[in-house]
Amino acid sequence: MEKENKKVSFSGIQPSGDLTIGNYLGAIKNWVSMQKDYESFYCIVDLHAITVRQDPKELRSRTLKNLAIYIASGLDPVKNTLFIKSHVPAHSEAAWLLNCFSYTGELGRMTQFKDKSQKIGESVSVGLFTYPVLMAADILLYNTNVVPVGNDQKQHVELSRDIAIRFNNLYGQTFVVPEPLIAGSGARIMDLQNPEKKMSKSVENPNAYILILDSPNIIRKKINRAVTDDYAEVRYTEDQPGISNLINILSTITNVSQEDIVKRYEGLGYAGFKSDVAEALVEELAPVQNRIKELLDDKSYLEKIYSESAEKANYIANKTLRKMQKKIGLVLR
Ligand code: AQP
């Protein structure tokens with residue numbers, strides 16, 4: 001009974017590269033803190049990952065690795081529905097329907113599309129263009145109230161809201177209108193080599209990001225190489241984006257405010273600060289990494305989780321899909 005009154009949370013991560021601490025601090029850690037209070041659906045958005053070319057073998061292995069990462073980070077697979085998106089065909093079908101209620105103008109304004117298509121050049125897939133519509137379908141199928149995401153995905157959640165409102169206005173109340181839920185200091189973890197840009201798993205320079213599965217020594221090296229500035233003072237200001245980023249990382253892991261971190265390092269240089277950031281990360285990630293390895297050695301357990309979750313997700317998603325089909329005027333089987 002209590003479960004039925006809970007608000008619904010939905011989110012996902014693309015297996016488009018190995019997951020970074022941006023994904024961990026901006027999304028997963030937040031999901032873990034919400035699991036008591038929400039009825040949660042978290043998926044591995046494999047269908048979004050193929051909007052840019054993926055190696056099939058790598059995609060398959062990363063999809064399972066992501067599931068292991070979700071569980072190892074503390075998401076209880078009984079309390080949360082952890083599934084693989086392509087196991088729920090209603091997502092693709094609902095996305096087609098919603099494509100017919102989305103405008104090319106609004107999709108063309110999406111920052112992520114503009115950034116990624118610029119990088120790709122000529123052969124930009126139609127899938128990359130309609131990526132936010134598939135995301136709207138994902139969210140709306142589960143009667144989602146909140147979508148916990150990093151700051152970069154806020155624009156896509158806002159578009160999902162617009163599409164939901166547009167559909168509801170045309171056909172009467174069909175969708176719950178979702179709200180983005182943005183993490184605090186972890187909401188925008190920046191690239192370690194170019195702190196004006198967000199940290200991304202698909203950039204070429206490995207020194208730009210820290211992976212959840214990076215070894216302690218690699219983490220230390222990458223933090224040590226992180227770009228800073230000549231001020232030699234740990235301050236949280238716009239003209240020190242590299243240092244501010246490291247403060248955010250430390251703050252999210254330790255739950256100490258940015259102000260208190262700045263006070264703690266007053267008058268001290270960068271070396272000790274950087275080493276503390278690295279050790280905090282190593283300590284945070286060590287148990288997660290151990291658990292990921294155990295889970296990846298137990299494929300049958302992972303298979304059981306994603307199969308059972310797919311059943312539950314299919315049931316709910318199909319109900320919403322039928323509602324959409326009926327409202328639009330399709331003949332139901
Ligand atoms: N740097 C970041 N800081 C905070 N949150 C982040 N997220 C991603 N990067 C950061 C959040 O992680 C969730 C899943 O994102 P995604 O992988 O599905 O897509 P993305 O936002 O495009 O992430 P990447 O790493 O940049 O992927 P690629 O390189 O493949 O495009 C989202 O909640 C996102 O906000």
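The values are calculated or read from the model by the stated rules, or taken from the named source; none is laboratory data. Model, not experiment: these values are computed from the prediction. Quick reminder, even Gly has a Cβ in these numbers, built from the backbone with ideal geometry, and neighbours come from all protein chains shown. Just the protein is used for accessible areas: all its heavy atoms, side chains included, with ligands, DNA and RNA removed. Shrake-Rupley method; radii C 1.70, N 1.55, O 1.52, S 1.80 Å.
Taking helices (runs of 4 or more DSSP H) as the structural unit, those lying wholly within the stretch 226-333 and holding at least 3 residues that are of a type in the set (A, V, I, L, M) correspond to 241-254, 270-296, 299-328.
Can Ser73 be described as among the hydroxyl-bearing types (Ser, Thr, Tyr), surrounded by 16 or more Cβ atoms within 10 Å (Cβ to Cβ) and either within 16 Å of the ligand (Cβ to nearest atom) or in contact (Cβ under 8 Å) with a residue 60 or more places away in the chain (or both)? Break it down into steps so the answer makes sense when it comes.
Details: among the hydroxyl-bearing types (Ser, Thr, Tyr): yes; surrounded by 16 or more Cβ atoms within 10 Å (Cβ to Cβ): yes; either within 16 Å of the ligand (Cβ to nearest atom) or in contact (Cβ under 8 Å) with a residue 60 or more places away in the chain (or both): yes.
Answer is yes for this residue.
Considering only residues in the stretch 118-157 that are in a loop (DSSP other than H, G, I, E, B) and in contact (Cβ under 8 Å) with a residue 12 or more places away in the chain, the one that is nearest to the ligand (Cβ to nearest atom) turns out to be Gly150.
In the stretch 178-201, the residues that are closer than 15 Å to Leu250 by Cα form Cβ pairs under 8 Å with partners that are acidic (Asp, Glu) and within 7 Å of the ligand (Cβ to nearest atom), at six or more places apart or across chains, as follows: Arg188/Asp152.
Yes/no matrix, rows are residues, columns are (1) more than 9 Å from the ligand (Cβ to nearest atom); (2) closer than 20 Å to Asn66 by Cβ; (3) open to solvent by 50 Å² or more (accessible area, probe 1.4 Å):
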{"residue": "Pro195", "(1), (2), (3)": "yes, no, no"}
{"residue": "Ile210", "(1), (2), (3)": "yes, yes, no"}
{"residue": "Leu213", "(1), (2), (3)": "yes, yes, yes"}
{"residue": "Lys222", "(1), (2), (3)": "yes, no, no"}
{"residue": "Asp230", "(1), (2), (3)": "yes, no, yes"}
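The condition of being at pLDDT 95 or above, surrounded by fewer than 21 Cβ atoms within 10 Å (Cβ to Cβ) and within 16 Å of the ligand (Cβ to nearest atom) holds for only one of Gly242, Gly184, that being Gly242. Of the residues making up the stretch 48-79, those that are more than 18 Å from Ile21 (Cα to Cα) and under 14 Å from the mean Cα position of the chain (by Cα) are His48, Ala49.
Give Ile13, Ile44 a once-over and let me know the one that is at pLDDT 95 or above, touching a Gly at 6+ places or on another chain (Cβ under 7 Å) and closer than 26 Å to Phe175 by Cβ. First the steps, then the outcome.
Numbers: Ile13 fails: touching a Gly at 6+ places or on another chain (Cβ under 7 Å).
Of the residues listed, the single one that is at pLDDT 95 or above, touching a Gly at 6+ places or on another chain (Cβ under 7 Å) and closer than 26 Å to Phe175 by Cβ is Ile44.
Is it fair to say Asn255 is touching a Pro at 6+ places or on another chain (Cβ under 6 Å) and not assigned by TED's automatic domain parsing to the domain that holds Ala95?
Values: touching a Pro at 6+ places or on another chain (Cβ under 6 Å): no; not assigned by TED's automatic domain parsing to the domain that holds Ala95: yes.
Judged against the criteria, Asn255 is not a match.
Every test in (1) under 15 Å from the mean Cα position of the chain (by Cα); (2) crowded, with 17+ Cβ neighbours inside 10 Å; (3) in the same structural domain as Glu93 (by TED's automatic domain parsing); (4) not hydroxyl-bearing (Ser, Thr, Tyr) is passed by Lys201 save one, and that test is (3).
Conditions (1) of a type in the set (A, V, I, L, M, F, W, C); (2) more than 8 Å from the ligand (Cβ to nearest atom), marked per residue:
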| site | (1), (2) |
| --- | --- |
| Ile13 | yes, no |
| Met34 | yes, yes |
| Glu39 | no, yes |
| Val45 | yes, no |
| Val52 | yes, no |
| Lys57 | no, yes |
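Of all the numbered requirements in (1) of a type in the set (A, V, I, L, M, F, W, C); (2) crowded, with 20+ Cβ neighbours inside 10 Å; (3) within 12 Å of the ligand (Cβ to nearest atom), Val88 misses one, and that requirement is (3).
Kindly indicate whether any position in the stretch 93-106 is closer than 24 Å to Glu158 by Cα, within 14 Å of the ligand (Cβ to nearest atom), among the hydroxyl-bearing types (Ser, Thr, Tyr) and part of a helix (DSSP H, G or I). Quick ask: steps written out before the conclusion?
In the first step, residues of the stretch 93-106 are kept if they are closer than 24 Å to Glu158 by Cα; the result is 93-106.
Filter once more, so that each one left must be within 14 Å of the ligand (Cβ to nearest atom): none.
There is no residue in the stretch 93-106 that is closer than 24 Å to Glu158 by Cα, within 14 Å of the ligand (Cβ to nearest atom), among the hydroxyl-bearing types (Ser, Thr, Tyr) and part of a helix (DSSP H, G or I).
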